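Trainee: Take a look at the following structure, please.
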Amino acid sequence: MADIKDILGVPRTGGGPVEAPKPKEKVQRPAGMSREAFALLDGAHPVVPAALAADLQAKGGLAGLKDKRKTGTPKGQVTWQSRKFTNPARADGLELQHWVKCHKELATGMVKPVDGGEYQFAKYNKKLMVYNYNDEEWNHVVPRDPDWQRGETDYLMDLCQRLDLRFLVIADRYDFPGGKPRSCEDLKTRYYSIARALHIAREGTEATIANATLVKHPFNAQHERNRKAAIALLLERTPEQDRAELEVLEAARGVEAQRRAEAAARRAAQPPEPPPEAPSAAAVPAEFAEETEAGEPSLFDADVRPLRPRPGVYARGAHAREMAAQQAARLTGTARGQKSLDALMADLGVSANGPEVPTRATCGAWLALRMEAIAALELKKRLQARLAGDTPGSAGPEGRGKRAHKGKARYDEG
Amino acid sequence: MSAEPEAPQPASDAAPDQPDGVVREKGAEFVLPIVIGTCAFYLGKKATDTQTHRWNLYVRGANGEEITHVVKKVVFFLHPTFHNPVREVLQHPFEIEEHGWGEFELSVVLHFNDDVQEAPLELFHKLKLYADADSANQGSKKPVVNEQYEELVFSEPATAFLDRVNGFQAGPALPTPAIAPHFVSFEPAGDVRQLLRARNQVAAMAASLQRQYDQMA
């Protein structure tokens, strides 16, 4: 007995129940190891990192891991090479060198990707068309200005060419030896008058190119000065001035709203408000009879007026559906409009396929209902547009109410 | 849904001679109310994988009356997987019975008598075998019925045809089909009421919108 107790691990003195062995921490099976091998491990034989290294060795060691990176894309392996290049946009044939990404095909040599090695930025070298004259044109075409001698004018044209008509820079660098100080407007005036004369002379009469901006709007120095002064003024506004302006705008809006309210009150006061009428437009009756009068056709068109179609046989329900499709097509085109119409019909509990029993009365009523629903939706859209136009970004109680639900609340209000 | 012979236009009453040379009664109309329906019985214990239902497809007069004075024959186009999917029925009752397991859309072409002088009219209908989720009949007794009421409007019918049908006396009562007890009788009054209510609601909505609009302006 005592031996058994010993074997079982029960304390001799007897006592509480056997202590549960300490819960073993679960050891995860390492990825490289097989299940059977892992099962052999226990406390005395833990996992040995060296065992995992066996996997690496099988794949050729650390070097083998690195190889993966180099197999590369279908185009081949990516290498970078330092290559010499010239810029086609340059005139002087300067040769520099830079790093280029290449693909190395496994069998053959290398091909440059990215447009085959052309210098990518050459295409951005846009040149401006700067007018210039030759001697003959100077004699006959270019307007003579006593203020501008040949030499100075040539200097100006050369600067314009070199600096791409950036007049602010030109004005800054303008330094004709022995010449008087010139403002930016002076330079522009001189250049554009020359350019205009040259353009006209080269193209023909003034009429043929009357639409070119150079001809239609000759340079106006005073306008340019005004413009620059205005911009400067705007730039130098103080915060106080900004605030003052905003206040004025607010006051204006308030006055506008007040004026509108007065007008509405006046209009509301004059004719007593007409009570809301049942839908009895002159054309569409509130009820349709099952029987028609003699000679009146019983089908309806998309405007719910009696329609006499071409002689033939028609299925009333199918015909009503076609008319409904025509009505929907008239609805301002958008799919959203049609969806809102369908939603409204569903809210009212009316089938979208027509009445269950397509008789003259029900088809007429159904088409009339659709027509009136479309009109109501159009009105709603106009009203929302009006509200949005009035106070952009505000959600007044009306706006929210309408957007919140298609209109069930409105039915209750009556 | 249906393919009509031509798109209808509001033609004047003084129509010129018809290009098809038919003598028509101007300004007249003849209306024939019909019902296209399917009636499907679940086979219950006898159902197999390929045949779970027995169903009938028919065209009948809306009040059970006969339509042979107008309709010469009815051609039912079943799903192409059926043997002989085109079924012609030339006498009352215009119905066919079949077995199957699947629901599909059918096409039914009505051919009219010769003096009607109209091209055949095609209508579409869905075969329903399974009831909607809420109803609880899976017993083989109660069938699933899907009926569609339609009114055939003959606009300016041929004079000869119109004279004949106006003087038409119904013949001796024809035997009622076995599925007659399942026929639905269609009453437009419910629709009329519902549509009127809906129109009033829309009118109220529109009036309220109009008031708001005027207040703003």
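FYI, it's all coordinate maths here, none of it is from the lab. As the structure is a computational prediction, the values presented were derived from the model and not from experiment. Every residue, glycine as well, gets a Cβ built from its backbone with ideal geometry; the counts of neighbours run over all protein chains shown.
Trainee: Please label the shape of the range B:21-100 as rounded, prolate or oblate, based on the square roots a ≥ b ≥ c of the eigenvalues of the alpha-carbon gyration tensor (a/c under 1.5 means rounded; beyond that, a/b larger than b/c means prolate, else oblate).
Mentor: Judged from the Cα gyration tensor, the range B:21-100 comes out prolate (a/c at least 1.5, a/b above b/c).
Trainee: Work out how far the C-alpha atoms of the range A:137-208 reach from end to end along every principal axis, then list the three figures in whole Å, largest first.
Mentor: 37, 24, 18
Trainee: Taking H placed 1.01 Å from N in the peptide plane, check which residues at least 5 places from A:Q149 or on another chain put their amide H under 5 Å from its amide H.
Mentor: none
Trainee: Placing unit charges on C-beta atoms (Lys and Arg positive, Asp and Glu negative, everything else neutral), compute the dipole magnitude of the range A:135-232 about its Cα centre in debye, rounded to 20. The partial results should precede the final answer.
Mentor: On the way: 15 positive and 16 negative charges, 92 e Å.
Its charge dipole is roughly 440 debye.
Trainee: Would you order B:H99, A:H98 from fewest to most other beta-carbon atoms within 10 Å of each residue's own beta-carbon?
Mentor: Fewest to most other Cβ atoms nearby, the residues stand as A:H98, B:H99.
Trainee: Can you give me the pair-distance distribution of the range B:9-216, C-alpha pairs, 10 Å bins, whole percents?
Mentor: 7, 26, 26, 20, 13, 6, 1, 0
Trainee: Stretched out fully, how many nm does the piece from A:H98 to A:E137 gain, at 0.36 nm a residue minus the Cα gap?
Mentor: Length gained, A:H98 through A:E137: 9.4 nm.
Trainee: I've got another one for you. Based only on other Cβ atoms within 10 Å, what is the fewest-to-most ordering of A:C363, A:C184, A:C160?
Mentor: Values: A:C363 29, A:C184 17, A:C160 23.
By the 10 Å Cβ count, ascending, the order reads A:C184, A:C160, A:C363.
Trainee: I've got another one for you. Which value in Å is the Kirkwood Rh of the range A:93-237 over different Cα pairs?
Mentor: After inverting the pairwise mean of 1/r, the radius is 19.3 Å.
Trainee: For A:F176, A:F121, what's the fewest-to-most ordering of other Cβ within 10 Å of each Cβ?
Mentor: Going from sparsest to densest Cβ surroundings: A:F121, A:F176.
Trainee: What is the spin-label model distance, in nm, from A:I7 to A:F176 if the labels are put 7 Å beyond Cα along the C-beta direction?
Mentor: 12.3
Trainee: Where the only charges are on Cβ atoms (+1 Lys, Arg; -1 Asp, Glu), what is the dipole of the range B:9-216 about its Cα centre, to the nearest 20 debye? Please list the in-between numbers first.
Mentor: Values: 18 positive and 28 negative charges, 192 e Å.
Result for the range B:9-216 is approximately 920 debye, rounded to the nearest 20.
Trainee: What shape does the range A:303-382 have by the C-alpha gyration tensor, where a ≥ b ≥ c are the square roots of the eigenvalues, rounded means a/c under 1.5, and otherwise prolate means a/b greater than b/c and oblate the rest?
Mentor: prolate
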